[in-house]
Amino acid sequence: MIAVFVSSDNEIEDLKSLFSLLSRKHHVSVIDNSRTAIEKNAEILLLPLHNDSISAKCDCAAILFSPSNHAKALPECCTVLCFDRQAALCCGGKERQVISCGMHNKDTVTLSSMESGKPVLSLQRRLTAFSGNIIDVGEFPLITDEQNHRALMAAAVLLLLCGNPLSPDSFL
């Protein structure tokens, strides 16, 4: 199981879209502030990003849709997906993989094409999957009805980090 800490401060639509995309073909469980029970067969566990919920697990990622005061408390081995430049700057560390996501040409992950229903995810720098395997630079055409580009980028990167290939129908 991969733990994914999500900064959901005022980003509930991003979180809903992320869950929707991931749950189409994968077993995803969400723990909210009330500590809802975890599904036994969950591959991906979405957790709120709070200081008291952060563990030192190495197979974990954090998604920062916006700046978060909790980012500094993340373990060094936690991969961080940042949609905010300030958050990316404060998350850097010796061992931490920081993945910038957005529409800027300097971001690690972008959407290079926005054709209706056919976005192309562009990986502009190599990443390291949780298994230690290298994910090479490339473009990944996707077919989806999802309009939330941030959630789409986050879901695609999470699948890659978990060792799942991205195919055009990954989110159908």
Candidates GLU13, GLU39, GLU76, GLU95 - the one that is outside any loop (DSSP other than H, G, I, E, B), among the acidic types (Asp, Glu) and either modelled with pLDDT under 80 or surrounded by fewer than 21 Cβ atoms within 10 Å (Cβ to Cβ) (or both):
GLU13
Among (1) in contact with a helix residue (DSSP H, G or I) (Cβ under 8 Å, 6 or more places away or on another chain); (2) at pLDDT 65 or above, there is one condition SER8 misses while meeting the rest; what is its number?
(2)
Is there any pair linking a residue in the range 129-150 that is among the hydroxyl-bearing types (Ser, Thr, Tyr) to one that is surrounded by 12 or more Cβ atoms within 10 Å (Cβ to Cβ), with Cβ under 8 Å and at least six apart or on different chains, and which?
SER131/GLY163; THR144/LEU21; THR144/PRO119; THR144/LEU152; THR144/PHE171
Restricting attention to the range 145-172, which residues are in contact with a Pro (Cβ under 7 Å, 6 or more places away or on another chain) and assigned to a loop (DSSP other than H, G, I, E, B)?
PRO168
Picking from MET103, MET153, which residue would you name as being buried (at least 19 other Cβ atoms within 10 Å of the Cβ) and of a type in the set (A, V, I, L, M)?
MET153
Does SER100 satisfy being in contact with a strand residue (DSSP E or B) (Cβ under 6 Å, 6 or more places away or on another chain) and farther than 23 Å from ASP59 by Cβ?
no
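The values are calculated or read from the model by the stated rules, or taken from the named source; none is laboratory data. Just so you know, these numbers come straight off a predicted model, no measurement behind them. Backbone-built Cβ (ideal geometry, glycine too); neighbour counts: all protein chains shown.
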